[in-house]
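Presented below is the structure to which this report refers.
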Amino acid sequence: MSRLPKQRAPRVLVIAPHPDDEVLATGGVIQEHLRKGHVVKVLLVTCGDGQRRGLLLPSRHFLRLGERRYHESLKALQILGVHEKRLITLGYPDRSLMRLWSDSSKPHTSPYTKACTVPYEWAYRPGAPYTHEALLADLKEIFTKEHPQVIYLPHPRDRHGDHHAVYLFTRAALHESKLHPQLRHYLIHYGAWPLPAGKCSDKPLLPPRSLRQGTHWVIHELRPEQLERKCQAIHCYRSQMHYIEDHLFSYARRNELFDLQPSASLTVPTRLIRLPRLLIGLRRGQSSVLSRE
Ligand SMILES: [Zn+2]
C-alpha cells in the first residue's frame, strides 16, 4: 500500500531591518499563519546596534545594545508562538544599509560598534564582511534554502534608509535566485504616519493618503486575542520604550496593512481613490492569497 506524499506546510518569511519591525508590522498576521499550520521564520537584517543620540558612547555600548535588542525580539516572537530556532539574525550594521547598497568597493565600518564584520557569534554568518556582496549572498542563500511562498518586507516608499535598502536587497536577491514568492510590503516610517500616535486599538490602520494610488493594499484584521498578544510582544522592546513608545503602540490597531503592488516611482497623487476600493479583506480565515497555497 503506497502512502500519500506528505504535503509541505506553506512557508512564510518575515524580513525585518531592525528588532521590533517584525512585531509592529506583522505581529498579528504571524499568529494567523501559525494558526493555519504555516511555517513562519523571521529574518533580522540588523540587531539595531546604532543609536544616533549616543554616537560618542564606546563601541561596547552598541554591541551590548545589539545583543539586548536581539533578545528582545526572541522574547517577543516567543509570545507570538515563533520558536527561537526560527529567528535568523544577520547582524549587518544598523543605520548603514543604504551605504552597503550603494558602495560595494570596501567593507563598511559601523560608526557605532566600530565593527566591519558581523560581530555576533549567534548570527547567521559571524565574521561576514559588511559589504554589499556579503549581504546579497546571505539573502540568496536563505531564500534558496527556505523557499518561502510569502515574504513580508519593507515598503519601497518607507523613508528610513535601512528599510528602503532591505527592500532593494530583497528584490535583487530574489531576482538573482529566480524565485517568485508573493511579496507583502509593510510601511513603518512615513512622516507622522500613522496618526493618532499611541495605542488606539479600536482604530483601523489606513494607508497614507499619498500612497493610495498605484498601490494594492490588503489588510489582516486581528482577532481580539491576536491583538492582545501583539501588545504583550510590543512590551518586550524595553530598550525602545522610552524613546518611541507612542510610535511602537501606533501599530497596535484593529488591522495590519500590506501593499501587494507598491509603486516605487510614485509621485504626488493626482487623484485619491476611496479607501474601501483599495482594501481586500484578508480577514479571519478569508485570506485570498493563502488559500491558494
Ligand atoms: Zn526599522
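The table for this structure:
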item	result
Debye, to nearest 20: dipole size of the chain, +1 on Lys, Arg Cβ, -1 on Asp, Glu Cβ	640 debye
Value of [θ]222 nm, deg cm²/dmol, for the chain, DSSP H segments ≥ 4, -39500 (n - 2.57) each, nearest 500	-11000 deg cm²/dmol
Gaussian network model of the chain, Cα within-10 Å springs - most flexible of PRO154, PRO58, PRO194	PRO58
Computed lengthening from ARG68 to GLU245, 0.36 nm per intervening residue step minus Cα-Cα distance	62.0 nm
Gyration tensor (alpha-carbon) shape descriptor, the chain, a/c threshold 1.5	rounded
Nearest-0.05 FRET efficiency for LEU34 and SER102, computed from C-beta distance (R0 25 Å)	0.10
Across LYS85/LYS199; LYS85/LYS145; LYS41/LYS203; LYS41/LYS199, pairs whose alpha-carbon gap is larger than 20 Å	LYS85/LYS199; LYS41/LYS203; LYS41/LYS199
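Every number in this text was worked out from the coordinates using simple rules, so none of it is lab data. The model shown is predicted, which means the values in this text are computed figures rather than measured ones. No Cβ is skipped: glycine too gets one built from the backbone with ideal geometry, and neighbour counts run over all protein chains shown.
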